[in-house]
Structures are given as structure tokens and as C-alpha cells.
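Nothing in this text is a laboratory measurement; each read-out follows from the coordinates by a stated rule. These figures come from a predicted structure and were not determined experimentally. Every residue, glycine among them, receives a Cβ derived from its backbone with ideal geometry; neighbour counts consider all protein chains shown.
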């Protein structure tokens, strides 16, 4: 996302559209997402879209957060 678009809700809107497509069109039962713990904007988008943080772990020197979103929430 280009910096001029930050904070305008575009990431949330795109994430919600992707969630809808994954569940309605692809028939997926669950989605998973990973974001760096330091990327507060990404964490906020995932939480706002209904993802639940299930794990924090280290990989390649970075602290990562894993999220899941079941189709039937």
C-alpha cells in the first residue's frame, strides 16, 4: 500500500472483500494470516476483520503473529 493511501481504510476494505470471496466463492472453512508484531496497522486490520490471534513466534529474527478466522464465527 502506498503511503498516500495509509489510514483511509483501503486495506480493511480489501481484506473484507478477500474474506468474503474465500468463504463464499472458494468454500474455504478457515483463513490464516501472519503479520509482523511490529506492524501495528496490519495487526489492527486483521483484528478489525474478525481474525483471532492464536500464536506469537520468532522466525528469521522477526516476531510474528499468527491469526485465524473460521468461516462460521
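With n ≥ 4 as the cut-off for DSSP H runs, can you work out [θ] at 222 nm for the chain, using -39500 (n - 2.57) per run divided by the number of residues, rounded to the nearest 500?
Working: 2 runs with 24 residues, N = 73.
When only DSSP H runs of four or more count, the value is -10000 deg cm²/dmol.
Between residue 25 and residue 39, residue separation times 0.36 nm minus the direct Cα-Cα distance comes to 2.1 nm. The computed Cα extents along the principal axes in Å for the structure shown corresponds, within [x] 42, 26, 16; [y] 35, 31, 17; [z] 29, 23, 18, to [y]. In the elastic network of the chain, a GNM with C-alpha springs shorter than 10 Å, the most mobile of 26, 46, 14 is 26.
Each Cα pair under 8 Å and six or more residues apart adds its sequence gap; the mean of these over the residue count of the chain is a relative contact order of 32 percent.
Please work out the FRET efficiency for the pair residue 71 and residue 8, using the Cβ-Cβ distance as r and a Förster radius of 25 Å; give the result to the nearest 0.05. Intermediate results must be reported in sequence, preceding the final value.
Working: r = 28 Å, r/R0 = 1.12.
Using R0 = 25 Å, I get an efficiency of 0.35.
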